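Laboratory data are not the source of any read-out in this text; all were calculated from the coordinates shown. Quick caveat, the model's predicted, so the values are computed rather than measured. Heads up, the Cβs are rebuilt from the backbone with ideal geometry, glycines too, and the neighbour counts pull from every protein chain shown.
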């Protein structure tokens with residue numbers, strides 16, 4: 001399952017990692033609008049987590065309007081396209097910020113990063 005990437009040694013709380021990975025599944029298209037998610041107990045068992053951790057992740061996703069809980073029938077993916085575009089931009093910015101912090105902390109310069117972006121951009125154009 002997609003959530004095998006949980007890092008128990010990370011300072012990021014596990015429920016936040018579950019949220020992040022579910023959002024990645026939505027952005028990638030592996031989870032589509034209207035898909036049913038595993039029950040809280042099922043997902044907790046699969047991930048070897050406390051059900052309260054999964055419940056907290058689902059509750060947060062519901063408050064953020066990425067899933068909908070239907071009493072008696074489970075949790076369902078439920079989002080709007082504009083919400084996905086905003087999520088995608090935010091996640092890309094977060095990942096890029098993290099990359100920049102790491103790259104700069106190991107001695108890369110902004111010029112090194114610009115050259116790297118140019119090289120990837122040029123390769124992308126060649127592959128089209």
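Build a GNM of the chain with springs between Cα atoms under 10 Å apart, and of 55, 82, 108 the one that fluctuates most is 108. Please arrange 102, 60 by counting, for each residue, the other beta carbons lying within 10 Å of its beta carbon, fewest first. Fewest-to-most Cβ neighbours within 10 Å comes out as 102, 60.
Where [x] 138; [y] 109; [z] 87 are the candidate values, the label of the one calculated here for volume of the Cα convex hull per residue in Å³ is [x]. Under the criterion of Cα pairs below 8 Å and six or more residues apart, the relative contact order for segment 2-79 equals 31 percent.
A Förster radius of 22 Å combined with the Cβ-Cβ distance from residue 98 to residue 68 puts the calculated FRET efficiency at roughly 0.15. Relative to the dominant Cα principal axis of the chain, helix 81-105 is inclined by about 50°. With a simple spin-label model that places each label point 7 Å from the Cα along the Cα-to-Cβ direction, the separation between residue 80 and residue 59 comes to 2.5 nm. Our helix-only sum for the chain, with -39,500 (n - 2.57) per DSSP H run of n ≥ 4 divided by its residues, gives a mean residue ellipticity at 222 nm of -20000 deg cm²/dmol. Of the peptides 13-21, 29-37, the ranking by mean beta-carbon count within 10 Å, highest at the top, reads 13-21, 29-37. Considering every alpha-carbon pair of segment 82-126, the percent of pairs per 10 Å bin, from zero through the bin containing the longest distance, is 25, 38, 32, 5. Converting the Cα gyration tensor eigenvalues of segment 15-57 into ellipsoid dimensions via √(5λ) gives semi-axes, longest first, of 19, 12, 8 Å. Taking the longest Cα principal axis of the chain as reference, the axis of helix 14-28 is set at about 70 degrees.
Relative to the longest principal axis of the Cα atoms of the chain, the long axis of helix 51-63 makes an angle of roughly 70 degrees.
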